[in-house]
Amino acid sequence: MLLEPPQLDLPDPPSSLQPCEWRLEVTQSTEPRLKAFWVSAFLVAVPVFAQAPLVRLFPWTSLLLSGIWLLGGWQLLRSPRLRFWGDLLIGFGWSWLAGSVYWGWFRWEPYVHLPIEAIALPAVALLLLRNRAQIGSFFYLGSLLGTVITDLYFYWVDLIPYWRQVMSVPPAEAGSVLHAALGQMQTLPGVSRAAVLLALLLALGILPMQSKRAIWWSFSGAILSTILVDSLFFAAAVLA
(Lines give C-alpha, C1' and ligand atoms only; values in the text may rest on other atoms or scores of the structure.)
Protein backbone atom coordinates (compact mmCIF):
# COMPACT_ATOMS: atom_id res chain seq x y z
CA MET A 1 0.00 0.00 0.00
CA LEU A 2 1.31 3.47 -0.97
CA LEU A 3 1.32 6.12 1.72
CA GLU A 4 -0.23 9.45 0.82
CA PRO A 5 1.83 12.54 1.72
CA PRO A 6 0.48 14.52 4.65
CA GLN A 7 -1.89 17.32 3.74
CA LEU A 8 -0.81 20.75 4.96
CA ASP A 9 -3.58 23.07 6.07
CA LEU A 10 -2.30 26.30 4.53
CA PRO A 11 -4.41 29.49 4.28
CA ASP A 12 -5.70 30.14 0.81
CA PRO A 13 -5.51 33.50 -0.93
CA PRO A 14 -8.82 35.18 -1.67
CA SER A 15 -11.01 32.75 -3.59
CA SER A 16 -11.28 34.91 -6.68
CA LEU A 17 -7.53 35.43 -7.02
CA GLN A 18 -4.59 33.24 -7.91
CA PRO A 19 -1.49 33.61 -5.64
CA CYS A 20 0.34 35.93 -8.04
CA GLU A 21 -2.77 38.04 -8.51
CA TRP A 22 -3.23 38.31 -4.74
CA ARG A 23 0.32 39.60 -4.28
CA LEU A 24 -0.21 42.10 -7.08
CA GLU A 25 -3.38 43.46 -5.46
CA VAL A 26 -1.60 43.98 -2.13
CA THR A 27 1.19 45.91 -3.85
CA GLN A 28 -1.21 48.06 -5.82
CA SER A 29 -3.36 48.84 -2.77
CA THR A 30 -0.30 50.11 -0.84
CA GLU A 31 1.29 52.11 -3.65
CA PRO A 32 -1.38 54.87 -3.97
CA ARG A 33 -1.18 55.60 -0.25
CA LEU A 34 2.60 55.98 -0.25
CA LYS A 35 2.52 58.04 -3.42
CA ALA A 36 -0.17 60.33 -1.96
CA PHE A 37 1.90 60.78 1.20
CA TRP A 38 5.23 61.57 -0.42
CA VAL A 39 3.85 63.79 -3.19
CA SER A 40 1.81 65.75 -0.65
CA ALA A 41 4.85 66.18 1.58
CA PHE A 42 6.87 67.40 -1.40
CA LEU A 43 4.18 69.88 -2.47
CA VAL A 44 4.17 71.49 0.98
CA ALA A 45 7.89 71.44 1.72
CA VAL A 46 9.54 72.36 -1.59
CA PRO A 47 7.43 74.84 -3.65
CA VAL A 48 7.11 77.25 -0.71
CA PHE A 49 10.77 78.18 -1.11
CA ALA A 50 10.13 79.09 -4.74
CA GLN A 51 6.89 80.93 -4.01
CA ALA A 52 8.31 83.03 -1.15
CA PRO A 53 10.67 85.17 -3.29
CA LEU A 54 8.38 85.05 -6.34
CA VAL A 55 5.33 86.41 -4.54
CA ARG A 56 7.35 89.17 -2.92
CA LEU A 57 8.87 90.38 -6.21
CA PHE A 58 6.14 89.44 -8.71
CA PRO A 59 2.84 88.92 -6.86
CA TRP A 60 0.71 89.02 -10.01
CA THR A 61 2.84 86.32 -11.61
CA SER A 62 2.37 84.11 -8.57
CA LEU A 63 -1.38 84.75 -8.66
CA LEU A 64 -1.49 83.85 -12.37
CA LEU A 65 0.29 80.59 -11.63
CA SER A 66 -2.54 79.67 -9.24
CA GLY A 67 -4.93 79.65 -12.18
CA ILE A 68 -2.51 77.57 -14.23
CA TRP A 69 -2.24 74.95 -11.47
CA LEU A 70 -6.02 74.77 -11.07
CA LEU A 71 -6.82 74.63 -14.79
CA GLY A 72 -4.05 72.10 -15.36
CA GLY A 73 -5.41 69.98 -12.53
CA TRP A 74 -8.91 69.96 -14.01
CA GLN A 75 -7.53 68.91 -17.39
CA LEU A 76 -5.51 66.06 -15.87
CA LEU A 77 -8.52 65.00 -13.81
CA ARG A 78 -10.32 64.05 -17.02
CA SER A 79 -7.73 61.40 -17.87
CA PRO A 80 -8.04 58.11 -15.93
CA ARG A 81 -4.27 57.60 -16.23
CA LEU A 82 -3.42 61.09 -14.90
CA ARG A 83 -6.33 61.58 -12.51
CA PHE A 84 -4.18 61.20 -9.39
CA TRP A 85 -1.85 64.02 -10.47
CA GLY A 86 -4.73 66.27 -11.48
CA ASP A 87 -6.43 65.65 -8.16
CA LEU A 88 -3.38 66.69 -6.16
CA LEU A 89 -2.59 69.59 -8.47
CA ILE A 90 -6.02 71.07 -7.74
CA GLY A 91 -5.39 70.91 -3.98
CA PHE A 92 -1.96 72.42 -4.49
CA GLY A 93 -3.51 75.18 -6.61
CA TRP A 94 -5.82 76.18 -3.75
CA SER A 95 -2.86 76.44 -1.35
CA TRP A 96 -0.80 78.39 -3.88
CA LEU A 97 -3.71 80.78 -4.49
CA ALA A 98 -4.12 81.54 -0.78
CA GLY A 99 -0.37 82.03 -0.35
CA SER A 100 -0.22 84.34 -3.36
CA VAL A 101 -3.04 86.55 -2.09
CA TYR A 102 -1.76 86.84 1.48
CA TRP A 103 2.00 87.13 0.94
CA GLY A 104 1.54 89.32 -2.11
CA TRP A 105 -0.72 92.00 -0.62
CA PHE A 106 -1.50 91.37 3.06
CA ARG A 107 1.72 90.02 4.61
CA TRP A 108 2.01 93.01 6.96
CA GLU A 109 -1.20 92.00 8.77
CA PRO A 110 -0.90 88.63 10.54
CA TYR A 111 -4.48 88.61 11.80
CA VAL A 112 -5.90 88.08 8.31
CA HIS A 113 -3.45 85.29 7.50
CA LEU A 114 -5.71 82.39 8.46
CA PRO A 115 -8.89 83.80 6.87
CA ILE A 116 -7.04 84.23 3.59
CA GLU A 117 -5.40 80.79 3.83
CA ALA A 118 -8.92 79.38 4.26
CA ILE A 119 -10.18 81.16 1.14
CA ALA A 120 -10.72 77.90 -0.76
CA LEU A 121 -12.69 76.13 1.99
CA PRO A 122 -16.11 76.64 0.30
CA ALA A 123 -14.82 75.21 -2.99
CA VAL A 124 -13.16 72.28 -1.22
CA ALA A 125 -16.34 71.54 0.76
CA LEU A 126 -18.34 71.53 -2.47
CA LEU A 127 -15.86 69.18 -4.15
CA LEU A 128 -15.99 66.77 -1.20
CA LEU A 129 -19.79 66.80 -1.22
CA ARG A 130 -19.66 65.81 -4.90
CA ASN A 131 -16.87 63.24 -4.36
CA ARG A 132 -14.53 65.13 -6.67
CA ALA A 133 -10.80 65.83 -6.22
CA GLN A 134 -10.79 64.19 -2.79
CA ILE A 135 -7.05 63.61 -2.52
CA GLY A 136 -6.29 67.21 -3.43
CA SER A 137 -8.99 68.46 -1.06
CA PHE A 138 -7.52 66.51 1.85
CA PHE A 139 -4.08 67.78 0.89
CA TYR A 140 -5.39 71.36 1.14
CA LEU A 141 -7.09 70.65 4.48
CA GLY A 142 -3.92 69.10 5.90
CA SER A 143 -1.83 72.03 4.70
CA LEU A 144 -4.34 74.49 6.17
CA LEU A 145 -4.41 72.70 9.52
CA GLY A 146 -0.62 72.76 9.68
CA THR A 147 -0.75 76.52 9.03
CA VAL A 148 -3.33 76.96 11.80
CA ILE A 149 -1.09 75.24 14.33
CA THR A 150 1.96 77.23 13.24
CA ASP A 151 0.04 80.51 13.57
CA LEU A 152 -1.27 79.40 16.94
CA TYR A 153 2.32 79.28 18.15
CA PHE A 154 2.85 82.89 17.00
CA TYR A 155 -0.21 84.00 18.95
CA TRP A 156 0.59 81.88 22.01
CA VAL A 157 4.19 83.12 22.36
CA ASP A 158 3.31 86.72 21.39
CA LEU A 159 5.42 86.82 18.23
CA ILE A 160 2.92 88.90 16.25
CA PRO A 161 4.83 92.21 16.78
CA TYR A 162 7.97 90.59 15.33
CA TRP A 163 5.95 89.30 12.36
CA ARG A 164 4.85 92.87 11.57
CA GLN A 165 8.35 94.26 12.00
CA VAL A 166 10.10 91.73 9.80
CA MET A 167 7.59 92.42 7.02
CA SER A 168 8.08 96.20 7.17
CA VAL A 169 11.84 96.66 7.65
CA PRO A 170 14.38 96.44 4.80
CA PRO A 171 15.81 92.92 4.26
CA ALA A 172 19.18 94.03 5.66
CA GLU A 173 17.54 94.82 9.01
CA ALA A 174 15.38 91.70 9.22
CA GLY A 175 18.14 89.70 10.91
CA SER A 176 18.05 91.76 14.10
CA VAL A 177 14.25 91.41 14.31
CA LEU A 178 14.48 87.64 13.82
CA HIS A 179 17.10 87.34 16.55
CA ALA A 180 14.87 89.27 18.96
CA ALA A 181 12.02 86.88 18.13
CA LEU A 182 14.32 83.89 18.70
CA GLY A 183 15.13 85.21 22.16
CA GLN A 184 11.44 85.04 23.03
CA MET A 185 11.04 81.58 21.50
CA GLN A 186 13.94 80.20 23.53
CA THR A 187 12.35 81.02 26.87
CA LEU A 188 10.74 78.27 28.96
CA PRO A 189 7.18 79.15 27.82
CA GLY A 190 8.33 79.37 24.21
CA VAL A 191 10.03 75.97 24.25
CA SER A 192 7.30 74.19 26.23
CA ARG A 193 4.52 75.52 24.01
CA ALA A 194 6.48 74.55 20.91
CA ALA A 195 6.75 71.02 22.33
CA VAL A 196 2.98 70.86 22.91
CA LEU A 197 2.16 71.98 19.38
CA LEU A 198 4.80 69.70 17.89
CA ALA A 199 3.19 66.74 19.68
CA LEU A 200 -0.18 67.84 18.32
CA LEU A 201 1.19 68.04 14.76
CA LEU A 202 2.72 64.58 15.07
CA ALA A 203 -0.52 63.09 16.39
CA LEU A 204 -2.63 64.71 13.68
CA GLY A 205 -0.14 63.56 11.06
CA ILE A 206 0.38 59.97 12.20
CA LEU A 207 -3.10 58.89 13.29
CA PRO A 208 -4.74 59.29 9.84
CA MET A 209 -2.13 56.91 8.41
CA GLN A 210 -3.96 54.06 10.13
CA SER A 211 -6.50 54.39 7.33
CA LYS A 212 -6.10 52.46 4.06
CA ARG A 213 -7.47 55.36 2.01
CA ALA A 214 -5.04 57.50 0.06
CA ILE A 215 -6.90 60.70 0.94
CA TRP A 216 -5.88 60.39 4.58
CA TRP A 217 -2.26 59.69 3.65
CA SER A 218 -2.29 62.87 1.56
CA PHE A 219 -3.66 64.71 4.62
CA SER A 220 -0.85 63.24 6.78
CA GLY A 221 1.87 64.10 4.28
CA ALA A 222 0.74 67.73 4.20
CA ILE A 223 0.62 68.04 7.99
CA LEU A 224 3.90 66.26 8.76
CA SER A 225 5.82 68.25 6.16
CA THR A 226 4.72 71.39 8.03
CA ILE A 227 7.19 70.36 10.74
CA LEU A 228 9.99 70.27 8.17
CA VAL A 229 9.08 73.69 6.74
CA ASP A 230 8.85 75.26 10.19
CA SER A 231 12.22 73.75 11.13
CA LEU A 232 13.87 75.11 8.00
CA PHE A 233 12.50 78.61 8.59
CA PHE A 234 13.67 78.40 12.21
CA ALA A 235 17.15 77.45 11.02
CA ALA A 236 17.11 80.36 8.56
CA ALA A 237 16.19 82.71 11.40
CA VAL A 238 19.07 81.40 13.52
CA LEU A 239 21.52 81.92 10.69
CA ALA A 240 20.19 85.36 9.71
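The values are calculated or read from the model by the stated rules, or taken from the named source; none is laboratory data. Here the structure is a predicted model, which means the values were calculated and not measured. So basically every Cβ, Gly included, is an ideal-geometry build from the backbone, and we count neighbours across all protein chains shown. Note: areas computed on protein heavy atoms with side chains; ligands, DNA, RNA excluded. Shrake-Rupley method; radii C 1.70, N 1.55, O 1.52, S 1.80 Å.
Confirm whether R81 is part of a loop (DSSP other than H, G, I, E, B) and not acidic (D, E). In short, yes.
A residue that is over 25 Å from M167 (Cβ atoms), assigned to a helix (DSSP H, G or I), modelled with pLDDT of 95 or more and open to solvent by 20 Å² or more (accessible area, probe 1.4 Å) occurs nowhere in the range 44-66. Condition check: open to solvent by less than 40 Å² (accessible area, probe 1.4 Å), at pLDDT 90 or above, in a helix (DSSP H, G or I) and over 16 Å from F37 (Cα atoms). Does T226 satisfy that? Answer is no for this residue. Restricting to the range 151-196, and then to whatever is outside any helix (DSSP H, G or I), of a type outside the set (V, I, T) and touching a residue at least 12 places away in the same chain (Cβ under 8 Å), can you tell me which residue is surrounded by the most Cβ atoms within 10 Å (Cβ to Cβ)? So the residue we want is L159. Which one is surrounded by the most Cβ atoms within 10 Å (Cβ to Cβ) among residues in the range 128-150 that are without any contact (Cβ under 8 Å) to a residue 12 or more places away in the chain and assigned to a helix (DSSP H, G or I)? The residue in question is L128. Within the range 115-127, the set of residues being part of a helix (DSSP H, G or I) and within 14 Å of the chain's Cα centre (by Cα) comprises just one member, E117.
Filtering the range 207-223 to residues that are buried (at least 18 other Cβ atoms within 10 Å of the Cβ) and free of Cβ contacts under 8 Å to residues at least 24 places away in the same chain leaves only P208.
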